[in-house]
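Read through the structure below, which is laid out as structure tokens, and then see the notes.
Throughout, read-outs are computed from the coordinates displayed, never taken from laboratory work. Note that the structure is a prediction, hence the values are computed from the model and not measured. A quick note on method: Cβ atoms are made from the backbone with ideal geometry, for glycine too, and the neighbour counts reach across all protein chains shown.
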Amino acid sequence: MNLENWLNHCENLHPQSIDLGLERVAKVAHAMGLRFACPVITVAGTNGKGSTCAMLEAVYRQSGYKTGMYTSPHLVYFQERCRLQGQAVAAEELIKHFEKVEAARGDITLSYFEFTSLALFSCLASATLDVVILEVGLGGRLDAVNVIDTDCAVITSIDLDHTELLGKDRDSIGFEKAGIMRPHKPVVISDPSPPKSVLLHASRLNADVWQVTKDVQFNGDTQQWTWRSRGRTYSGLAYPALRGANQMLNAAGVLAVMEALRQQLPVTAQAIRAGLSTVQWPGRFQILPGQPAIVLDVAHNPHAASALAHNLDAMGFYPRTHAVLGAMADKDIAGLLKRLMPLVECWYFCDLPTPRAATAVQLQTAWQSLSPPSTSKASLFAGPQQALSQAMEVADPTDRILVFGSFFTVGGVLQHGIDGRLPAYLPT
């Protein structure tokens, strides 16, 4: 079977799309003999996970290390989820690893996420690598990624998302995220105000805690920034190439990981500068060159939308902002809209190609229920590409277009390129 056949097979194995718990996954991982022969860094959190992983990968690659990285979900192509040396693995390379999971699982039913994650872990484990970076999909404690022991845990920002599965408040959600910690191992906490449950769990495990703004300090001017912790200082650092004020917290956490694992993976100040200044991660406050300005962001919960609104506000004045929005039905759609409504004059609501998505009509209904200003307007589209095309036709050169709300929304406009502004997307 080719990769598409395998993915279809995985879709139909388990009656639930999400089935949190490690027992089944651990049995299959054991049967596969799954283990890593290099340090593993596991990253959990509500927002900032992907950016943190990308920065870790960029700095370690600049240091000459052979890197492997697992992230989810993908923007356009499934194989984006597994990167070797900064490049997405070839689709055909994954086939043997899907076969390995199938042979090992016997009569154990695995969800799509569990099956595919094990296949990608197998791919990473079979490569000769110096460091592996794993992004947690949902929560942490019961997520399939947690079947792999970590040498350093990273907890990024924590806020309300997936509340039906993780809990109704930050403390409950923090406890789930903290489940990736291991006894006596380092844990980097990039959230400047973490829930008490995170710190309490770290204390119970006697983990080596590096908390940004407490154990780790940073400051800067318009040109460069400085990082300090435990007697080490890095000065004259380039700001991360990933845009947005929130990336500084992520970058400060990344440097803490470098220090926590220095004995196993020493890095130079020059590698840190080069890695941060060249890192790329599509769809995270990504601003395309040309006019009108186009901003792509996968923000899909109110916390991420607040950061997005702050970053948009810092861009300066635009006569009008046009927003293409597609979102999952289980998200806090009202929360998403509230954060961006003060900045957006023209809305383009779109359907997405998944049954989990809210329809364009549902998005418009949610928007209308918030009593939008009489000067704002909305229209409906069958997909993100159609919505963006209309926005580009209507927008003046000095306007701004925002595409946000889901990986499906951003991936939908990236897939075939954007009117000569951006080529058709290829996984790199």
What is the spin-label model distance, in nm, from ILE108 to GLN85 if the labels are put 7 Å beyond Cα along the C-beta direction? 3.2
Per-q log10 I(q)/I(0), segment 152-267, q = 0.16, 0.18, 0.23 Å⁻¹ (Debye; single scatterer per alpha-carbon; no solvent): -0.76, -0.93, -1.28
Taking only the alpha-carbon atoms of segment 3-278, the convex hull volume per residue, in cubic angstrom, is 122
If the cut-off is a Cα-Cα distance under 21 Å, which lysines reach LYS377, setting aside same-chain residues fewer than 8 apart in sequence? LYS338
Approximate spin-label separation SER235-ARG356, in nm, with each point projected 7 Å along Cα-to-Cβ: 4.7
Euclidean distance between Cα centres, segment 154-217 to segment 258-315, Å: 21
If R₀ is 30 angstrom, what is the calculated FRET efficiency for the pair HIS184 and ALA26, using the beta carbon separation as r and rounding to 0.05? 0.90
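Quick one: compute the contact order of the chain, relative version, from alpha carbon pairs under 8 angstrom and 6+ residues apart, as a percent.
Numbers: 882 pairs, mean separation 65.7, N = 428.
Reported relative contact order: 15 percent.
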Kindly rank 78-90, 100-112, 140-152 from highest to lowest mean number of other beta carbons found within 10 Å of each residue. 140-152, 78-90, 100-112
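Quick one: putting +1 on the C-beta of Lys and Arg, -1 on the C-beta of Asp and Glu, what dipole do you get for segment 286-414 around its Cα centre, in Debye to the nearest 20?
Values: 7 positive and 9 negative charges, 35 e Å.
Roughly 160 debye, rounded to the nearest 20.
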Calculated from DSSP H runs of 4 or more alone, at -39500 (n - 2.57) each and per residue, what is the 222 nm mean residue ellipticity of the chain, nearest 500? -10500 deg cm²/dmol
Gyration tensor verdict on segment 286-414 (Cα atoms; rounded if a/c is under 1.5, prolate if a/b is larger than b/c, oblate otherwise): rounded
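Of the DSSP beta bridges with both residues in the chain, give the percent that are antiparallel, rounding to the nearest 5. Kindly include the intermediate steps, with their values, before the conclusion.
Details: 19 of 58 bridges.
Roughly 35 percent of the DSSP beta bridges within the chain come out antiparallel.
For segment 305-376, what does the alpha-carbon gyration tensor say about shape, rounded, prolate or oblate, given a ≥ b ≥ c as the root eigenvalues, a/c under 1.5 as rounded, and a/b over b/c as prolate? Write down the numbers at each step before the final one.
Values: a/c = 1.93, a/b = 1.57, b/c = 1.23.
Judged from the Cα gyration tensor, segment 305-376 comes out prolate (a/c at least 1.5, a/b above b/c).
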Given the options GLN286, LEU312, ALA260, identify the residue whose Cα lies farthest towards the positive end of the charge dipole of the chain (+1 on Cβ of Lys, Arg; -1 on Cβ of Asp, Glu). ALA260
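Sort 216-225, 40-49, 125-134, 171-180 for me by packing, meaning the mean count of neighbouring Cβ atoms within 10 Å per residue, highest on top. Provide the component values of the computation, followed by the final result.
On the way: 216-225: 12.9, 40-49: 26.7, 125-134: 20.2, 171-180: 23.0.
Descending mean neighbour count gives 40-49, 171-180, 125-134, 216-225.
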Roughly how compact is segment 166-223, stated as its Cα Rg over 2.2 N^0.38 Å to two decimals? 1.25
Dipole magnitude (debye, nearest 20) for the chain, charges at Cβ of Lys, Arg, Asp, Glu: 1020
For segment 42-126, what does the relative contact order come out to in percent, with C-alpha contacts under 8 Å and a separation of six or more? 21
